[in-house]
Structures are given as structure tokens and as C-alpha cells.
1. Does D:LEU187 satisfy being in contact with a strand residue (DSSP E or B) (Cβ under 7 Å, 6 or more places away or on another chain), crowded, with 22+ Cβ neighbours inside 10 Å and not β-branched (Val, Ile, Thr)?
2. Considering only residues that are crowded, with 22+ Cβ neighbours inside 10 Å and of a type outside the set (A, V, I, L, M, F, W, C), which ones fall in segment D:84-101?
3. With the condition kept exactly as written, say whether any residue in segment A:147-154 is crowded, with 22+ Cβ neighbours inside 10 Å, part of a loop (DSSP other than H, G, I, E, B) and of a type outside the set (Val, Ile, Thr).
4. Just one of (1) within 14 Å of another protein chain (Cβ to nearest Cβ); (2) surrounded by fewer than 23 Cβ atoms within 10 Å (Cβ to Cβ); (3) farther than 22 Å from B:HIS117 by Cα trips up A:SER19, so point out which.
5. List pairs: first residue in segment C:1-15 and outside any helix (DSSP H, G or I), second residue modelled with pLDDT of 95 or more anywhere in the structure, Cβ distance under 7 angstrom, at least six positions apart or on different chains.
6. Kindly check whether there is at least one residue in segment B:148-170 that is of a type in the set (D, E, K, R), away from chain D (no Cβ under 14 Å) and farther than 24 Å from B:ARG218 by Cβ.
7. Determine whether segment A:133-141 contains at least one residue that is part of a loop (DSSP other than H, G, I, E, B), in contact with a Ser or Thr (Cβ under 7 Å, 6 or more places away or on another chain), farther than 20 Å from A:TYR83 by Cβ and within 14 Å of chain B (Cβ to nearest Cβ).
8. Consider D:PRO77 against the criteria (1) within 16 Å of C:TYR226 (Cα to Cα); (2) within 11 Å of chain C (Cβ to nearest Cβ): it satisfies all of them except one. Which criterion is unmet?
There are 4 protein chains.
Amino acid sequence: MLNKLKEEVYKANIAICESGLVKLTWGNASAISREEGLVVIKPSGVDYSVLSPDDMVVVDLEERVVEGRLKPSSDTPTHIFLYRSFREIGGIVHTHSTWATAWAQACRSIPCFGTTHADHFYKEVPCTRFLKAEEVENDYELNTGKIIGETFSTRDYQRTPGVLVAGHAPFTWGKDVKDAVKNSIILEEIAKMACLTLLIKGETQVLPEYIMNKHYFRKHGKDAYYGQK
Amino acid sequence: MLNKLKEEVYKANIAICESGLVKLTWGNASAISREEGLVVIKPSGVDYSVLSPDDMVVVDLEERVVEGRLKPSSDTPTHIFLYRSFREIGGIVHTHSTWATAWAQACRSIPCFGTTHADHFYKEVPCTRFLKAEEVENDYELNTGKIIGETFSTRDYQRTPGVLVAGHAPFTWGKDVKDAVKNSIILEEIAKMACLTLLIKGETQVLPEYIMNKHYFRKHGKDAYYGQK
Amino acid sequence: MLNKLKEEVYKANIAICESGLVKLTWGNASAISREEGLVVIKPSGVDYSVLSPDDMVVVDLEERVVEGRLKPSSDTPTHIFLYRSFREIGGIVHTHSTWATAWAQACRSIPCFGTTHADHFYKEVPCTRFLKAEEVENDYELNTGKIIGETFSTRDYQRTPGVLVAGHAPFTWGKDVKDAVKNSIILEEIAKMACLTLLIKGETQVLPEYIMNKHYFRKHGKDAYYGQK
Amino acid sequence: MLNKLKEEVYKANIAICESGLVKLTWGNASAISREEGLVVIKPSGVDYSVLSPDDMVVVDLEERVVEGRLKPSSDTPTHIFLYRSFREIGGIVHTHSTWATAWAQACRSIPCFGTTHADHFYKEVPCTRFLKAEEVENDYELNTGKIIGETFSTRDYQRTPGVLVAGHAPFTWGKDVKDAVKNSIILEEIAKMACLTLLIKGETQVLPEYIMNKHYFRKHGKDAYYGQK
């Protein structure tokens, strides 16, 4: 069942580990089959070194396990909420990658300081508010999804494919799980560059909006001219 | 004698070296057999490249060498004091890992800035006071154990399985030596993240207590629901 | 056609990737045949893992593709402008290397803080001004070349073989593309050292001019005595 | 001639490269045969990838090449001055390692912030003054040796086996060249830890003198009890 998607999700989980974004078991990747309404996700707390494609868990959009011997990631309700809200995404990645997590811990959105950022994330990468006590005590992981949704109520989740959850860590998404992995690699690098930029100059001006737009639309949308298409 | 434990301690010493926490000979790992009241520890100042399981030294809780051709680590009295005080631990790791050591040198406890920290260490990772001159001049290594004990007189050593010794470096512990190694890896990563958090925002608010509790108890204790158990 | 140059440009593109200066497709290298007035450059947005020497694109100095199945790098007009303006250079490298990009994002020239810098770049590595809106909206990549030229109107591009484009990233050049790669490696390292120097001391004095001159001319020009020549 | 020493010097040069302390050709190691009054040193500006033991150059204490096809390192006069002044040393290493060089560029001695430092370098690692214009213009490399000697006129070069040359980079030494390599590795690590310590706390108190003494003499001198001797 969904063997191709399981293989992709397995590979994505290995990729975030090998690219240095995940230490121990601090991360998970998932993908959705929109036709079948089913999500494939990493099992909870399993070591990357012993993971296999068959360990992937299939859940439906009501959080029920449809296939798999193992418990799904404890962050499954967050993933499902995002798949329900962001209708065009096909994959989600959650890591505690060092530099992006530092921004999340500082409760700061990452300003767009340069074209590396503008090429991939439109405007700042937002940081959510903190969850309130009652949101933590009940349905914590679902509410984590909800504050991400709230944060994007005035933003375009396709142009800015990632978020920092305050005091926690980043989530990224994409048209498929491979794309979500790529966005998590990019987010970590722009988080590092933005921190170093602050060290060199203190509170720095952001990139002028016309440069930000130029770079984003040079790579995305109908007038894009970067790459081979 | 204690061959299985020697193998575990040997592997732990190699693991802290390979994970980048130890340069040269700056670290040591030990484990205790509670039934026999014997501790297995790395020999003093021996290069990791020539170490073998047979080089591990067995000492009793009076610091007497029971087996082994080599001198035990000069930090042996610290380890023994901790095994005597913290009755539930099975292994101890001492490293001079870069970021955790920087916090120890700054004589600052690591505040709990995020859930990566809260998942593994309950509240701040405390820094001891400096030893006094007379505590350094006599029984230095024993007194290093004693200030760790003093620091935990009002804390729970099982929930916060590590400490920074002021001006020196971290010690971590766990239910066995493998667990202590894992805690030393985690401590180094949260030390790095916390330093970067300060760089991004200056003196930052700590994680709200209700999120700290949620994350710690999501992974530990009777109501834990993270992982496969 | 130009097979030797294609091989060199291919190797240079691989070298900037393997030396850690380029993540994903964020970089490109080119070389010029001055005799034939033709430039060999990396194709746009192609993964380094699938790149081959045959993928290199040959363009003339009017930006027309002369040979190659693929679209040339979107930065081709920048490269061509530089080849037209800086008549003695044979190769150009553009990367988004982490530390040099952080200086570009901070819109700060890298001061000459030490002899590592002075050995290779004469005086500061300058940062351009921001492009204006109209310069971005029309002929963006050409205008990127033009502000580099403007920045060097009062400098010697041979003694200072690199630049930071404000809000963007570095470009380096050299007598051939191998030399340009070497300069991009050096620029990244001196960008890192300069940032750390600021962290240690705040706004620091630059190297006295007589030391700067000594080191630069110990390695370059007719009185050089470093190396085997 | 001096084949064993050439082999040692070759290995030391490779070691500083492989341990990440040297980029490109930015470093050199040498050793002295005190009996014969001859120094073996790396040739100037030769790539580490093509270096062989036979490329090592033998010079006497008057800077005359006694054996070797290649020019000796341009820093040879600095090495020779140190061998003449510091009568007990057998090897010298010069690198531009990132963090130690940043301290040199900041013109700051590295304070002794912790026991990692105190274990190996007694008190601060000093930074020289800047050379004056006339000292740079004539006999620059010899004068670099002289300011190191001047800096140690009131210090013990055996207890503090390294220095930062202001605006330049570190030199370390030891009883043989292997020991000098080890000291350059240690210096880089304590330079990094000290910088991070400043980031965490700002201008931090140094280690109390009684702890500094305890750690240094636990490892060195007649009452040392660290290691297997």
C-alpha cells in the first residue's frame, strides 16, 4: 500500500539526517496521497540507523493508523492539520536544525537580508506566537498545527514554505516531500547567514522590496527565467 | 572480570571521541556495577587511537584499583563521589566539548530556551560555583564531585542528567553509560543552540514553564507518549 | 570546441561545490578564451551531481549561445560585463558562500584585519552599493556587472580580485578559472576570520598599511620572494 | 642527511593540514637537530598535496641552505630566531588557524578562562605588539622572531608554548615537532572556546589563579599525576 510514497518518505527521513539537520531522533518527514486522503509518516522515536521503508506508518486524515506496526510520530496531528489547511502541499519536514531552532528559540522571524533568502522564501520566515497554557495542556500537537495556520492567515504558504514555531523549531513543506527536504536545507542556511549578518552589523536593513521581488520571481511563477525551463 | 561492562565503557569512550565531543585525551566515561560495587573507567591520559577494552581499569568505591595494568583517570574520585551520591545512575561521561565548556567558562547555567532542551533536561542545566582555594589544593577531584552534589542538593539529578563545573567543563550521567553518552551529545547541542539564541536576541525569555513541563513529560515518566512504548 | 576550457570550467564548478562554498545550485564558474572572444559557463540551475563537461555552455560577448544544449547561467550577463571591463582576467566564480554572503548582506566591505587577507586581497574587499529599483527591473544581471565595475572605478581589480554585491553574495576572479576558485576559497576564510575578529574585539583597528603592503608585495609583483619562483 | 627528522617534519606538515589548521599553503612546521645545529623546514609555497619528505629543506643557524632542491619557507628567519632564543625547544609550527588568527587580528592575548587552557598553556597566550614600520621594511621575518622573543622576555616559553603575532597568526613550539603540532591543535581549540565564552557572558572573569596552577601542575613538572607516568 502506497509503496512508492513510503519509499519517498523513508528517503526524505534519511536525507534530513545525512544533511546534518537532524541529531538523534529529532525530526520527521511525511507525505500525503491527495487522491487517497492518506498520509505516510515516520514512526515515533525510532533511530535513523535502523529505519526501513516498511517502518513508515500510514494514517488517514482523522489520525487513525491504516497500516504499520509502529506508532506514528507524536507530531502526526501537526502534520495532518497542515495537510488539511494547506491544500496544495504534498510533503512536510520537521527538524530541530541548529540555526533555525536558535531563531525559533529567540522567538524572532528571520528577516529577508539577502537574495539567497529571497530566491526561496518570499519575505520573512515568520515565527509563531507562543502557545497558551490551555493550548499546550490539551491537544498540544494539533494546536501546534493551528498556530502555524494562524500565522499564515495573512501570508501565502506557497511562497513562504516554512515557519518557526516559537520556542520549538522549524517546519517546512513543499509540493512533495523531496521539495520539503530541500526547503529545510535552505531554511537552515539562511538562518545561519541571517545570524552572522546580525553579528557583523547589528540590526541590519532588510533587502529592498524591489530586489526581493526580482529574485523571487526570477525563480518562481510564469515569468521565471532561472533554470532550464 | 566485568568483561561486558568493560566493553560498554570502551565503546562509550570511543563514541564520545567519534562524535566530536573529545579532542586529544580530554574526556572519560565510566560505568558502575551496582551489585558488585565496582566501577569501570578509562585509564588516565591514554590516546583514544590505541585504547582497547582490556585497558579499562576496575576500581572499588574506595578508589582502590581492583584490576587493570594502567592508572585510572585522574577524575576517578569525581566519578566515585557521583556514584555514591546519585544512587540510580549507571554511567558517567566527562568531556570538554566546545560549546558546553564555553558555558562552563562563562560560569553560566544554560537556560531552557526551547523544547530541544526541555525534551531532555528539566529546567536549566546548572553551573556549579567555583571551588575555593582550599578545596582545590586538597582532594581536588573529590571536591569537584562534592560541588556537583551541592549543586544538586535542591535539584533532581534524574530529570537533569548533567552539570557544568564552573571554569572547567560538563559532566553528564544516565541509567547506563550509553545513556550518559547520549546526554553528553544532547548537552553539547543545546549549549550551542542557547549560545546562538543569545546572539540573535540578547537576554531572551526562557520557555514558558507549561511548555517545558509538557515536553519533558511527553518523553519521560508514566504519562509519556513519545516513542514506541 | 574549446574542450580544454570546458573541462577546466567543469572542474572549477565541481571544486566550489566540494570545497563547501556552494549549496544546491547556488554558484557558477566561467572562463574566457580571449583569442576567440568566447566564454564557457555553467548551465542554469543544473544539479552539480549530474553535471558533465559537455553540459558547459559556450556564449559570445554579445550573450549569444554559440554551443550547448542547455541555457547558460542566469548570471551570464554579469560575467560577460566583467570580462569586457577587466581585460586581464581569465575566469570568474560566483558563490553564496556562508560568511562572505553574511558580509554582503550586512552591506559591509571586509576590512583588512590581518596578513591572511593582505597576502591575497589588497586593502578591503569592497561591497557595492544596492542597485536602484530601475536597475533591478531592467537588465538586472547586466547592472550587477555594472555596479561591480563602478565599485572598481577607483580600485585595482587585479590586486583585489573579488567583491561583495550588497544584499547578494561574492564574485571573485583570477588569471584563469582555477585562480578564481582559489580566490573564492580565500575570500570565504578571510570573511570568517574578520567576523570572528569583530566578535572578539568589536570595531577593531585595521592592519597598519606598512604591514599590509609588506605582505601583499612579499607574494605579488616583481619583488615577491614567497614560493619557489 | 637527517632523514628521520625530515620524515618527522613532513608528517607534522601533513598533520596540521589534515587537522584543519591549514588551508592552501598557509602554514609550516620545522624541527631542529641540536647536536648538528641544523633545522629542517617546509619549502616555501608548495602545495601539501604534492609534498614529500625529500622536499624538506635543511638550513643552518645562519639561514644558509645546506641541503634541498627547493627554497625554504619564507618564515625561516623567524623559526631560526626562535631556535636560537628558546634553547629547549625541538620543533615549531606556524599556522593561520581560524580562531587563533582571529584573536591575533583582534590584537588580544587569550585569557585563561578555563581548565582546558590551564592544562596546557600557563596563564594567557600572549599577543605581541605590532611591528613598527622600520621593523617590517627590513628583515621582516627576523623581526617577527624578535617581537616573539621580546614578548617572552618576562614569560616562561616552556610553560606557555605559543604566541599570537599581532595582525598575523599563531606560532607554537614544543620539545619536538610532534609536540608543537599538538600545541597548535590545543591553541586553536582554546581560542574557539574563549571566543564563545565572551559571546555568552561578555568580559568574563579569568580562572582563579589557584585553579589555574592546580591544573597546570597536575599535568606538568615533578608533582604531575595525570597520565601513566
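The values are calculated or read from the model by the stated rules, or taken from the named source; none is laboratory data. Here the structure is a predicted model, which is why all the values come from computation and not from measurement. Every residue, glycine among them, receives a Cβ derived from its backbone with ideal geometry; neighbour counts consider all protein chains shown.
1. yes
2. Going through segment D:84-101, the residues crowded, with 22+ Cβ neighbours inside 10 Å turn out to be D:89, D:91-97, D:99-101.
Within segment D:84-101, D:GLY91, D:HIS94, D:THR95, D:HIS96, D:SER97, D:THR101 qualify.
3. No - not one qualifying residue is present in segment A:147-154.
4. All conditions are met except number (3).
5. Here the result reads C:MET1/C:VAL58; C:MET1/C:GLU67; C:LEU2/C:SER33; C:LEU2/C:LEU38; C:LEU2/C:VAL40; C:LEU2/C:VAL58, each pair linking segment C:1-15 to a residue that is modelled with pLDDT of 95 or more.
6. yes
7. no
8. Every listed condition holds for D:PRO77 apart from (2).
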